[in-house]
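The next block holds one structure in the form of structure tokens; read it before the comments.
The values are calculated or read from the model by the stated rules, or taken from the named source; none is laboratory data. Model, not experiment: these values are computed from the prediction. A quick note on method: Cβ atoms are made from the backbone with ideal geometry, for glycine too, and the neighbour counts reach across all protein chains shown.
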Amino acid sequence: MFFDLLTPKQKKARKKYLQEECDHRGQVWNEDKIKFEDDLLIDGKTYDTSKYQLFNTKPIKQSVDILTTEHAVWSPDRKFVYVNRIFPSATRLDIAQGHKRSTVAFSTDVVIPVLMECKEDATSNKNLKVWMSITPLEILTGRQGIRRSKGTVLMGGLGMGWSLWKIAQKKSVKKVIVVEKSDDLLNWYGNDLCQRISDETGTPIEVICDDVLNQMGKHGDEARYVVDIWSSYPNEYDYLPKEWKEAIDSVSYFWGWGVIASQDTGW
């Protein structure tokens, strides 16, 4: 990449410039209203993820190689590990909206909840792959599904619960059905998280351990399906597997993270 060709002095000057821009033009973060734009700059003091942190671990820098129980929580099967990662100020992070791409930077260090998949040695950062995190990218690309949710909503994929919090908080939502295929994830934190969100929002939440594809079309004609299970963004509807096309076409209301339809679904 171009940035890798810069000298240490040039990198330092670039970071200083970006820091000054963040300090001068950084917007107050509002996860419901802030708009996608080129070179988005955020006042880091307003980016608070504490509500969405799955575990109260001590924040850790990316540069720390070996994880300990002070900074990390492992799933019982050691396939996943959770950390609250410190993302440094004046450093660019990718964001997206459909086919549009840009970056975001913060005026201060911020804490980002991160769930990682373990490979081999589960204590070394070198063997971990980010599975999901609460970043502006996840939030900006997930809001459309939340806006379209009402009545009975079937969520495909629990993830880290950000979308579930937002959907369950809506007065127009009467019930949420969470379909998560990982029994290990549900037993680790998912079932407790769903219960806590239901208790705090007053919205009934049913949890089903299954592949969401098996649940498509089984929850009434008015159910709205909000599915976030794909690892890439965006995904063209025309290139989805046949079984997913048939499943989407069989329901009245569907929104998929990053799924760009060939025509407007009308909702």
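Computed values, structure above
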item: Close pairs (7 angstrom Cβ cut-off, 6 or more residues apart or separate chains): within 13 Å of Ile42 (Cβ to Cβ) in region 13-28, in a helix (DSSP H, G or I) and modelled with pLDDT of 90 or more anywhere; result: Val28/Thr46
item: So Trp255, is it outside any loop (DSSP other than H, G, I, E, B) and either of a type in the set (Gly, Ala, Ser) or closer than 27 Å to Asp32 by Cα (or both); result: yes
item: Options Lys170, Lys245: the member that is surrounded by fewer than 16 Cβ atoms within 10 Å (Cβ to Cβ) and basic (Lys, Arg); result: Lys245
item: Count - residues of region 110-124 that are crowded, with 16+ Cβ neighbours inside 10 Å and under 20 Å from the mean Cα position of the chain (by Cα); result: 8
item: Some residue of region 123-139 being closer than 26 Å to Glu222 by Cα and assigned to a helix (DSSP H, G or I); result: yes
item: Qualifying position, being without any contact (Cβ under 8 Å) to a residue 40 or more places away in the chain, among the basic types (Lys, Arg) and in contact with a Pro (Cβ under 9 Å, 6 or more places away or on another chain), among Lys175, Lys218; result: Lys175
item: Cross-chain or 6+ apart pairs with Cβ under 7 Å, region 58-77 first and in the same structural domain as Thr108 (by TED's automatic domain parsing), then surrounded by fewer than 16 Cβ atoms within 10 Å (Cβ to Cβ) and of a type in the set (Gly, Ala, Ser); result: Asp65/Ser124; Ile66/Ser124
item: Residues (under 14 Å from the mean Cα position of the chain (by Cα) and surrounded by 13 or more Cβ atoms within 10 Å (Cβ to Cβ)) located in region 220-233; result: Val226, Val227, Asp228, Ile229, Trp230, Tyr233
item: Thr141 being under 30 Å from Arg224 (Cβ atoms), surrounded by 19 or more Cβ atoms within 10 Å (Cβ to Cβ) and modelled with pLDDT under 95; result: yes
item: Filter pass, Thr46 being crowded, with 18+ Cβ neighbours inside 10 Å and either modelled with pLDDT of 90 or more or under 30 Å from Trp188 (Cα atoms) (or both); result: no
item: Residue match in region 10-21 (condition: modelled with pLDDT under 95, at negative phi and in contact with a Phe, Trp or Tyr (Cβ under 7 Å, 6 or more places away or on another chain)); result: no
item: Asp192, sole failed condition from (1) surrounded by fewer than 20 Cβ atoms within 10 Å (Cβ to Cβ); (2) touching a residue at least 24 places away in the same chain (Cβ under 8 Å); result: (2)
item: Residue within region 224-232 that is modelled with pLDDT of 95 or more, farther than 24 Å from His99 by Cα and either of a type outside the set (Ser, Thr, Tyr) or not in a strand (DSSP E or B) (or both) present; result: yes
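Yes/no per residue for (1) among the acidic types (Asp, Glu); (2) at positive phi; (3) in contact (Cβ under 8 Å) with a residue 40 or more places away in the chain:
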position: Met116; (1), (2), (3): no, no, no
position: Ser124; (1), (2), (3): no, no, yes
position: Leu140; (1), (2), (3): no, no, yes
position: Arg147; (1), (2), (3): no, no, no
position: Lys150; (1), (2), (3): no, no, yes
position: Val153; (1), (2), (3): no, no, yes
position: Gly157; (1), (2), (3): no, yes, yes
